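S.K.: The structure's right below; bear with me while I get my questions together.
The values are calculated or read from the model by the stated rules, or taken from the named source; none is laboratory data. Note that the structure is a prediction, hence the values are computed from the model and not measured. So basically every Cβ, Gly included, is an ideal-geometry build from the backbone, and we count neighbours across all protein chains shown. Just the protein is used for accessible areas: all its heavy atoms, side chains included, with ligands, DNA and RNA removed. Shrake-Rupley method; radii C 1.70, N 1.55, O 1.52, S 1.80 Å.
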Amino acid sequence: MCVEAAVAAADHALQVFGWRGYSKHYPMERYLRDARLFTIGGGTVEVLRDIVGKSVLNMPDSAL
Ligand SMILES: Cc1cc2nc3c(=O)[nH]c(=O)nc-3n(C[C@H](O)[C@H](O)[C@H](O)COP(=O)(O)OP(=O)(O)OC[C@H]3O[C@@H](n4cnc5c(N)ncnc54)[C@H](O)[C@@H]3O)c2cc1C
């Protein structure tokens, strides 16, 4: 899912910035937390993937 790509990109960026990326004194750590939020809020990626999978396979919501 695209949000997982955003988390990976923000995580790599944090690593590039070293301690500055991790520190709350710079905005980088906030970018990672903001990206991470979208793997949980509004439906977790696991549940959304489940919904997409059932839709693609034409399965009812109650399946599995
Ligand atoms: C910063 C933030 C802001 C939020 N704002 C709002 C808001 O404004 N309004 C609102 O209504 N909610 C809000 N939420 C709550 C958010 O929608 C819920 O956290 C989210 O729906 C997941 O519910 P849960 O935390 O109870 O996790 P759970 O449902 O308990 O899930 C826990 C874990 O189990 C997994 N899991 C659960 N069921 C399945 C399944 N069937 N198959 C596979 N894996 C499963 C999940 O993917 C997750 O990894 C917010 C959350 C955050 C972090």
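S.K.: Which of the residues that make up region 2-24 are charged (D, E, K, R) and touching a Ser or Thr at 6+ places or on another chain (Cβ under 9 Å)?
M.R.: Hit for region 2-24 is E4, nothing else.
S.K.: Hey, another quick one. Could you tell me whether region 14-34 includes any residue that is closer than 21 Å to C2 by Cβ, open to solvent by 70 Å² or more (accessible area, probe 1.4 Å) and in contact with a helix residue (DSSP H, G or I) (Cβ under 8 Å, 6 or more places away or on another chain)?
M.R.: Yes; the residues of region 14-34 include at least one that is closer than 21 Å to C2 by Cβ, open to solvent by 70 Å² or more (accessible area, probe 1.4 Å) and in contact with a helix residue (DSSP H, G or I) (Cβ under 8 Å, 6 or more places away or on another chain).
S.K.: Now, a different point. Contact list please: Cβ distance under 6 Å, first residue in region 14-43 and among the aromatic types (F, W, Y), second residue within 13 Å of the ligand (Cβ to nearest atom), pairs at least six apart or on different chains.
M.R.: F38/V3
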